[in-house]
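*Asks:* Just passing along the structure, written as structure tokens.
The values are calculated or read from the model by the stated rules, or taken from the named source; none is laboratory data. It should be emphasised that the depicted structure is a prediction, and the values quoted were computed from it without experimental measurement. Cβ sites come from the backbone with ideal geometry, for glycine too, and all protein chains shown count toward neighbours.
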Amino acid sequence: MRSKSSYSSKDIGKLTIKVRLIGGLKSLAGKPEIYLAPRKGALTVSEAILELCRKVSRTDFERALVDPRSKTVGPNVVALVNDKHISVLQGSETLIRGNDVVTLVPVSHGG
């Protein structure tokens, strides 16, 4: 497998970001995985979340995923990029590129 840096500029358009949806997010989207094709070389996590909401186009999915104030990942969702929590990266400004994997896990609270 080639490293990301060995892809030519014409390959970039073919590279996709895989988004894995877990639990209730998978149910709301109606599928376990969605692929995003960044128009530029990379997307931030925030941009990817908004693009994901456009693709799924369901209000209940967006409500479960997005913080309405910040327009990024909500507080009840754990976001991982290549199996690393975004809080140990650059948070919602973490860049994701073609062939990266984003995993979104809803968090349940009880009392």
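*Asks:* So if I check each of Lys26, Lys84, which one is among the charged types (D, E, K, R), at pLDDT 95 or above and loosely packed, with under 15 Cβ neighbours inside 10 Å?
*Replies:* One residue alone meets the criteria, Lys84.
*Asks:* What's the total number of residues in segment 96-105 that are at negative phi, surrounded by fewer than 20 Cβ atoms within 10 Å (Cβ to Cβ) and modelled with pLDDT under 95?
*Replies:* 1
*Asks:* May I pose another question? Filter segment 45-78 down to the residues that are β-branched (Val, Ile, Thr) and either at positive phi or not in a strand (DSSP E or B) (or both), then identify the one that is surrounded by the fewest Cβ atoms within 10 Å (Cβ to Cβ).
*Replies:* Thr59
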